[in-house]
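Only one structure is covered here, and it is reproduced in the block below.
Nothing in this text is a laboratory measurement; each read-out follows from the coordinates by a stated rule. Keep in mind that this is a model prediction, so the values were computed, not measured. Because the Cβ atoms are built from the backbone with ideal geometry, glycine has one as well, and the counts that use them run over all protein chains shown.
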Amino acid sequence: MKWRGRRQSTNVRMGGGGKAIGGGIGGIIIGLILWLVFGVNPMQALQTGQSMAGGGSSTTTEATDDSRDTQFVKTVMADTEDVWHQLFQEAGGTYKEPTLVLFNGRINSACGGASAATGPFYCPADQSVYLDTSFFTEMRQNLGISGDQQGSGDAENRGRAGDFAQAYVIAHEVGHHVQTLLGISQKVNQARQQVSQAQGNELSVRQELQADCFAGVWANRNQQRVQFLEAGDIDEALNAASQIGDDRLAHSSGRSVSPDSFTHGTSQQRVTWFKRGLQNGDIQACDTFSGAI
Ligand SMILES: [Zn+2]
């Protein structure tokens with residue numbers, strides 16, 4: 001996947017692994033400072049401080065490091081922003097960009113605490129995608145890409161093996177953001193409360209497959225825009241779809257993000273829906289909620 005030399009998003013932040021702001025006197029002082037300097041409600045700041053006592057941090061800072069992974073994530077995020085702005089505009093709407101939080105260790109999202117073990121997830125409550133930094137290493141390992149193969153590119157411009165698979169995971173999470181903006185996730189959550197567990201799980205699978213399809217739509221449009229795909233990229237993504245662990249959908253605030261009890265659909269289903277989005281480049285092709293999947 002070609003990715004260098006394009007615009008980078010300003011919505012990528014770093015969080016977690018830092019010092020948690022504790023409660024108590026320190027928290028009160030920090031609360032007061034926040035209130036005086038930034039006009040932040042001190043009680044709110046204190047509550048945040050208390051929730052941080054459980055570990056992790058919910059404070060984020062702009063990701064300014066120039067590591068390869070951060071640069072890559074910023075570029076992919078910018079690609080998703082440009083494509084989804086275009087798609088929303090075409091449909092007469094306005095796209096609201098999500099934040100992507102890169103974290104290390106533990107993090108508190110508005111959907112609860114998460115660790116590296118949680119895997120990539122999207123939190124609707126703060127409209128943020130969470131990605132822990134070990135994700136890239138793990139993914140290269142899962143895809144069977146050794147350190148030697150990384151970067152042993154032919155041309156400068158050539159991406160590393162595994163790039164597109166990583167971009168696909170980010171695009172899938174952004175797909176959940178799009179579902180949130182379109183009100184789809186809210187409808188699924190409501191419907192889930194009125195049906196049996198099995199039916200609820202099926203709805204979740206349909207929601208996941210739609211996020212895969214949206215990732216395919218993004219890939220199609222981004223290809224038209226910047227011709228970023230290289231030979232083997234699609235196979236790589238499909239391989240990733242069937243191999244990498246499920247991402248975790250965070251359902252409600254105040255609860256820890258816990259591993260899903262449902263699946264994301266079979267590998268075959270995921271491949272089918274990603275391809276459908278990829279071939280059509282139109283979210284109309286992504287109605288996973290009616291008919292057979
Ligand atoms: Zn998902």
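Structure values in brief
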item	result
Simple label model, 7 Å out from Cα along Cβ direction - D235 to T137, nm	2.9
Under-5 Å amide H pairs with G113, H placed in peptide plane, nonlocal only	S256, V257
Inter-site label distance for A191 and T61 at 7 Å from Cα along Cβ, in nm	4.4
Separation in nanometres of the label points that stand 7 Å from Cα toward Cβ, at Q268 and V226	3.6
Set K2/K96; K74/K187; K2/K74; K2/K275 screened for pairs whose C-alpha atoms are more than 22 Å apart	K2/K96; K74/K187
